[in-house]
1. Of all strands (runs of 3 or more DSSP E) completely enclosed by region 13-96, which ones contain at least 3 residues that are touching a residue at least 40 places away in the same chain (Cβ under 8 Å)?
2. Quick check: is even one residue across region 278-287 within 25 Å of residue 10 (Cβ to Cβ), surrounded by fewer than 23 Cβ atoms within 10 Å (Cβ to Cβ) and touching a residue at least 60 places away in the same chain (Cβ under 8 Å)?
3. Scan (1) crowded, with 24+ Cβ neighbours inside 10 Å; (2) at negative phi for the single condition residue 37 breaks and write down its number.
4. So, of the residues in region 85-96 that are within 15 Å of residue 21 (Cα to Cα) and either within 20 Å of the chain's Cα centre (by Cα) or surrounded by fewer than 16 Cβ atoms within 10 Å (Cβ to Cβ) (or both), which turns out to be modelled with the lowest pLDDT?
5. Can you find, within region 60-84, the residue that is farthest from the chain's Cα centre (by Cα) among those that are surrounded by 15 or more Cβ atoms within 10 Å (Cβ to Cβ) and within 20 Å of residue 153 (Cβ to Cβ)?
6. Working only within region 123-145, note down all residues that are under 20 Å from residue 46 (Cα atoms) and in contact with a helix residue (DSSP H, G or I) (Cβ under 7 Å, 6 or more places away or on another chain).
7. Among the candidates 250, 273, single out the residue that is closer than 20 Å to residue 310 by Cα and either touching a residue at least 12 places away in the same chain (Cβ under 8 Å) or in contact with a helix residue (DSSP H, G or I) (Cβ under 7 Å, 6 or more places away or on another chain) (or both).
8. Please go through region 290-311 and give me each residue that is in a helix (DSSP H, G or I), under 20 Å from the mean Cα position of the chain (by Cα) and more than 16 Å from residue 236 (Cβ to Cβ), ordered by number.
């Protein structure tokens with residue numbers, strides 16, 4: 001089986017408050033820009049784990065776009081399918097963190113380059129040799145053409161013998177049930193592995209209290225498995241993760257680290273899980289690896305800065321580097 005992974009999606013820079021608790025509606029000091037975007041964080045993380053990685057997306061022909069392209073290229077991502085656009089600027093997110101762990105964002109995305117992804121940007125040549133196409137729900141929510149590009153890419157990859165990985169990653173308050181079915185239904189039916197949070201599970205399935213009740217969580221995951229996926233890996237943040245297949249389910253405990261910046265932990269978790277599968281690990285090992293990658297991701301300031309290299313994760317886990 002080929003080992004390459006392709007991702008279609010959002011690329012932006014993140015500019016954050018230097019001090020925890022500083023609001024965005026008052027003058028103050030920011031740090032950054034840091035390369036970001038859920039899809040961008042994922043592809044950078046999986047490239048750092050030694051997996052051949054390709055990205056389809058767009059940035060502005062500006063300094064922020066150059067920053068992103070240089071970072072991805074340096075970490076081994078094939079950026080030949082990332083467009084640099086003269087008529088659009090690179091997307092920007094301003095963010096501040098609060099003592100309770102919550103965050104607040106102001107986005108410049110609607111008229112930014114990140115939304116200029118079209119079905120014509122993906123073709124069979126672009127997806128040749130790809131073992132997994134990774135799709136992030138937030139990309140499909142940018143606009144209709146981005147969603148159509150993801151759906152088309154998923155179809156092509158499956159026709160060519162590859163698999164689809166789907167990180168739901170959506171803001172529940174912005175989606176109706178009809179919108180979810182229209183956007184996510186085709187991807188769920190084509191996906192091999194799906195990565196929801198507990199809140200996303202509740203919204204998508206209508207089953208409540210999945211975070212408090214294991215039977216409810218299992219019921220919700222069974223509902224997703226019935227739609228086509230072979231694996232549902234539930235991201236539970238500081239509680240670790242829970243994995244469900246048609247044959248079994250288990251909980252993978254978390255690793256204790258000092259959290260500096262939680263942004264990107266879930267994206268890095270997905271990268272770790274796929275890296276495990278592509279290195280022929282079973283789902284238990286893949287979940288352990290994913291938890292470790294997600295844990296290390298929060299130890300440095302900046303969305304991509306904590307994404308570890310393969311050797312770092314192996315050392316953290318105490319596994320041999322050729323594992």
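The values are calculated or read from the model by the stated rules, or taken from the named source; none is laboratory data. Since the model is a prediction, treat every value here as computed from it, not as a measurement. Glycine gets a Cβ as well: all are built from the backbone with ideal geometry, and neighbour counts include every protein chain shown.
1. Working: elements: 30-36, 53-60, 77-85.
Qualifying strands (runs of 3 or more DSSP E): 30-36, 53-60.
2. Taking every residue of region 278-287 in turn, at least one turns out to be within 25 Å of residue 10 (Cβ to Cβ), surrounded by fewer than 23 Cβ atoms within 10 Å (Cβ to Cβ) and touching a residue at least 60 places away in the same chain (Cβ under 8 Å).
3. Of everything listed in (1) crowded, with 24+ Cβ neighbours inside 10 Å; (2) at negative phi, residue 37 misses just condition (2).
4. Step one: list which residues in region 85-96 are within 15 Å of residue 21 (Cα to Cα), which gives 94-96.
Applying the additional criterion that residues be either within 20 Å of the chain's Cα centre (by Cα) or surrounded by fewer than 16 Cβ atoms within 10 Å (Cβ to Cβ) (or both) yields 94-95.
Values: 94: 92, 95: 88.
Only one residue tops the list, namely 95.
5. Filtering region 60-84 for residues surrounded by 15 or more Cβ atoms within 10 Å (Cβ to Cβ) gives 60-62, 64-65, 67-69, 71-72, 75-79, 81-84.
Now narrow it down to the ones that are within 20 Å of residue 153 (Cβ to Cβ): 72, 77-79, 81-83.
Details: 72: 15, 77: 15, 78: 17, 79: 17, 81: 19, 82: 17, 83: 20 Å.
Ranking the qualifying residues of region 60-84, first place goes to 83.
6. The first filter runs over region 123-145 and keeps only residues under 20 Å from residue 46 (Cα atoms), leaving 126-139.
Of everything in region 123-145, those that are under 20 Å from residue 46 (Cα atoms) and in contact with a helix residue (DSSP H, G or I) (Cβ under 7 Å, 6 or more places away or on another chain) turn out to be 127, 130, 131, 132, 133, 134, 135, 136, 137, 138, 139.
7. Details: 250 fails: closer than 20 Å to residue 310 by Cα.
None of the others qualify; the one that does is 273.
8. Restricting attention to region 290-311, the residues satisfying the condition of being in a helix (DSSP H, G or I) are 290-297, 310-311.
Still in the running and under 20 Å from the mean Cα position of the chain (by Cα): 290-297, 310.
Once the filter is applied, which keeps residues that are in a helix (DSSP H, G or I), under 20 Å from the mean Cα position of the chain (by Cα) and more than 16 Å from residue 236 (Cβ to Cβ), region 290-311 yields 296, 310.
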